[in-house]
1. Going toward the positive end of the dipole of the chain, with +1 on Lys and Arg Cβ and -1 on Asp and Glu Cβ, which of Leu71, Ala53, Ala82 do you reach last?
2. What is the antiparallel percent of DSSP beta bridges lying wholly in the chain, to the nearest 5?
3. Send over a whole-number figure in Å² for the accessible area per residue of region 43-88, probe 1.4 Å.
4. Of all accessible surface on region 2-87 at a 1.4 Å probe, what whole percent is carbon and sulfur?
5. In whole percent, what relative contact order does region 1-73 give with Cα contacts below 8 Å and a gap of six or more residues?
6. What ranking do 29-36, 11-18 get when scored by the average of other Cβ atoms within 10 Å per residue, highest first?
7. Quick one: pull the percentage of alpha-carbon pairs in region 48-88 with a separation above 15 Å.
8. For region 2-87, just run the numbers: alpha carbon Rg, then divide by 2.2 N^0.38 Å, N being how many residues it has.
Amino acid sequence: MPEHRLQPTEPCRSCRAPIVWAKTRQPTPLPIDPEPSEHGNIAIYLEDGVLHANVILKAQRQALNAAGRPLYIAHFVSCPHANDWRKR
Ligand SMILES: [Zn+2]
């Protein structure tokens, strides 16, 4: 689903894979893989041109999948250097 690829991307500081930063309800932004994942648990929406991430519950996931809504995963799940992320 290339049309659902998020941008702008920037390279992960650990593995150089492209990631996007999205705002959350937390003070720190969340690094997200730009390609949707069938195991994704993060819905992305645009607000004032800024990406926002919404972590969704398992129960909502099926409904969103059925609606064809792309879901994404946090990069620290897929990053090969995930341990670096947990240390920070
Ligand atoms: Zn990485």
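The values are calculated or read from the model by the stated rules, or taken from the named source; none is laboratory data. Quantities reported herein were computed from a predicted structural model and do not represent experimental measurements. Here the Cβ is made from the backbone with ideal geometry for all residues, glycine too, and neighbour counts use every protein chain on show. What goes into the accessible areas is simple: the full protein's heavy atoms, side chains included, and nothing from ligands, DNA or RNA. Shrake-Rupley method; radii C 1.70, N 1.55, O 1.52, S 1.80 Å.
1. It is Ala82, whose Cα lies furthest towards the positive end.
2. Working: 13 of 14 bridges.
Bridges in the chain are about 95 percent antiparallel.
3. Numbers: 3200 Å² over 46 residues.
Result: 69 Å² per residue.
4. Working: 2970 of 5790 Å².
Using a 1.4 Å probe with all protein chains present, region 2-87 comes out at 51 percent carbon and sulfur.
5. About 29 percent, as a whole number.
6. 29-36, 11-18
7. Distances greater than 15 Å cover 58 percent of the Cα pairs.
8. Details: Rg = 12.6 Å, N = 86, 2.2 N^0.38 = 12.0 Å.
Taking the Cα Rg and dividing by 2.2 N^0.38 Å, one obtains 1.06.
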